[in-house]
1. Could you give me the residue pairs with C-beta distances under 7 Å whose first residue belongs to segment 259-279 and is under 17 Å from residue 222 (Cα atoms), whose second residue is at pLDDT below 95 wherever it lies, and which are 6+ apart or on separate chains?
2. Kindly provide the set of residues from segment 97-124 that are in contact (Cβ under 8 Å) with a residue 40 or more places away in the chain, surrounded by fewer than 20 Cβ atoms within 10 Å (Cβ to Cβ) and either of a type in the set (D, E, K, R) or under 24 Å from residue 75 (Cβ atoms) (or both), ordered by number.
3. Suppose the filter is open to solvent by 20 Å² or more (accessible area, probe 1.4 Å), within 24 Å of residue 277 (Cβ to Cβ) and either touching a Lys or Arg at 6+ places or on another chain (Cβ under 7 Å) or among the β-branched types (Val, Ile, Thr) (or both); does residue 156 pass it?
4. How many residues are buried (at least 17 other Cβ atoms within 10 Å of the Cβ) and either in contact (Cβ under 8 Å) with a residue 60 or more places away in the chain or out of contact with any strand residue (DSSP E or B) (no Cβ under 8 Å at 6 or more places or on another chain) (or both) if we restrict to segment 18-41?
5. Here's a check for you: in segment 245-283, which residue that is hydrophobic (A, V, I, L, M, F, W, C) and farther than 30 Å from residue 117 by Cα is most open to solvent (accessible area, probe 1.4 Å)?
6. Could you check how many residues of segment 132-143 are assigned to a loop (DSSP other than H, G, I, E, B) and either in contact with a Leu (Cβ under 7 Å, 6 or more places away or on another chain) or aromatic (Phe, Trp, Tyr) (or both)?
7. If the requirement is being among the β-branched types (Val, Ile, Thr) and surrounded by fewer than 19 Cβ atoms within 10 Å (Cβ to Cβ), which of these qualifies: 300, 286?
Amino acid sequence: MSPLTLAAYATAAVPGLEVVSLCEPYDNDGSMARQGIVDTEGNHWVVCTPLTDQAGAGIQAQMTLLRILHRAREKGFLPFDVPLPVVNKRQDEEQRVLVHPEIRGDSGSWDSMASSNMQTTSMARAIAALHELPAEAIEFTGLPTYSVAEVRARLISLLDEAAAATPLPPNLYDRWEAALDDISLFRFQTVPVHGDLGPDSFICSGNVVFAMSAFASAHLGDPAEDLAWIMTCPDERVREVFLDAYRSSRTGVADLHLVARAQLWSELAILRWLLHGTRSEDREIVEDAKGMLDELSAAVGDEPLLPSHDFVSAADEVELPDLSEVAESMPPVDEVDPNAPTVNLSAVLRDDEWR
């Protein structure tokens, strides 16, 4: 869909809107198209339209989530705002159009994070605040919800599908298989997850996050998924500052293997890229993903994701105790800490505020 078509949709959807020029952002990922526009008064807007039935079905849920997050910001539960749509309507029987004001500011980057601990800490606290919202914030919208077991099953399926599509470096396959087989790695409380984070998802002013964008992949799931991007940061000091700030901002039961799962999510993202190239029959993407796998394979060698996953040679094998009774005595993975502070959704929205 062309930028001019999107601009025309915005003009038709918003009464009195006169578009004088196009601007950033513009993107089209095959499921959603976005275009920035400028009106006669110099105001910047973003117009979005879904390109698939699946994206169209989810756009109403996303709009509801944005209104919940905006209200949570007003109530003081979130330290950031979100782009709030001013119109969400059908251009015709098949085409839905969503228009919202562009939240203008400085997008985060690795360089800006490296130069400002304040910005890095602010990003971490923003994500922690999102993860502190109740599960109902997602369940209320109809967006996807995944239990702990479903999170693990989806990752196992991802590894199996990638291995069937192309030979994977044996050391990586063993590393990932050992991690996915370890039930103790998947003991966490599901939370509202952004699902598509990067430095540029954060909009900053004075090195403080005041808004976040791109919630199209939001769901209820593993908090570690929202930390995968920070594991790719080239600056180890930035990673440590971020993770320390995130941990100190979370409440409830400690997630002992949060960082290990974040690393797992980060590495398995290469498989998602590989399968995207395979499904779209894009050889350039496939070769790029294979190159990334080769680089990761050389970097990690035979190092397991967790030290406890290290392989024991036949000469060093020891008899392990039967842990079945211990496992049975452990709390369920989805059990909620009754003493953990929670945010009640009714404190965020009244019944008439989202309709």
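The values are calculated or read from the model by the stated rules, or taken from the named source; none is laboratory data. The model shown is predicted, which means the values in this text are computed figures rather than measured ones. Neighbour counts are summed over all protein chains in view; Cβ atoms, including those assigned to glycine, are modelled from backbone coordinates with ideal geometry. With ligands, DNA and RNA removed, areas are computed over all heavy atoms of the protein, side chains included. Shrake-Rupley method; radii C 1.70, N 1.55, O 1.52, S 1.80 Å.
1. Here the result reads 260/305; 260/306; 263/305; 264/305, each pair linking segment 259-279 to a residue that is at pLDDT below 95.
2. If we filter segment 97-124 for residues that are in contact (Cβ under 8 Å) with a residue 40 or more places away in the chain, which is where we start, we get 97-110, 112-114, 116-124.
Next, from what is left, pick out any that are surrounded by fewer than 20 Cβ atoms within 10 Å (Cβ to Cβ): 100-107, 109-110, 112, 114, 116-118.
Hits for segment 97-124 are 100, 101, 102, 103, 104, 105, 106.
3. Details: open to solvent by 20 Å² or more (accessible area, probe 1.4 Å): yes; within 24 Å of residue 277 (Cβ to Cβ): yes; either touching a Lys or Arg at 6+ places or on another chain (Cβ under 7 Å) or among the β-branched types (Val, Ile, Thr) (or both): yes.
Judged against the criteria, residue 156 is a match.
4. Number satisfying all stated conditions: 2.
5. Kept after step one, since they are hydrophobic (A, V, I, L, M, F, W, C), are these residues of segment 245-283: 245, 253-254, 256, 258-260, 262, 264-265, 268-271, 273-275.
Next, only the ones that are farther than 30 Å from residue 117 by Cα stay: 271, 273-275.
Numbers: 271: 0, 273: 94, 274: 1, 275: 5 Å².
So, considering only residues that are hydrophobic (A, V, I, L, M, F, W, C) and farther than 30 Å from residue 117 by Cα, the one most open to solvent (accessible area, probe 1.4 Å) is 273.
6. Within segment 132-143, the first condition is being assigned to a loop (DSSP other than H, G, I, E, B), and the residues that meet it are 133-135, 140-143.
Still in the list and also either in contact with a Leu (Cβ under 7 Å, 6 or more places away or on another chain) or aromatic (Phe, Trp, Tyr) (or both): 134-135, 140-141, 143.
Residues meeting the conditions: 5.
7. Numbers: 286 fails: surrounded by fewer than 19 Cβ atoms within 10 Å (Cβ to Cβ).
Selected residue: 300, the only one of 300, 286 that is among the β-branched types (Val, Ile, Thr) and surrounded by fewer than 19 Cβ atoms within 10 Å (Cβ to Cβ).
One line per residue, one yes/no per condition, for (1) modelled with pLDDT of 80 or more; (2) part of a loop (DSSP other than H, G, I, E, B); (3) closer than 30 Å to residue 140 by Cα; (4) of a type outside the set (Asp, Glu):
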residue	(1), (2), (3), (4)
8	yes, no, no, yes
16	yes, yes, no, yes
20	yes, no, no, yes
30	no, yes, yes, yes
37	yes, no, no, yes
42	yes, yes, no, yes
54	no, no, yes, yes
59	no, no, yes, yes
79	yes, yes, yes, yes
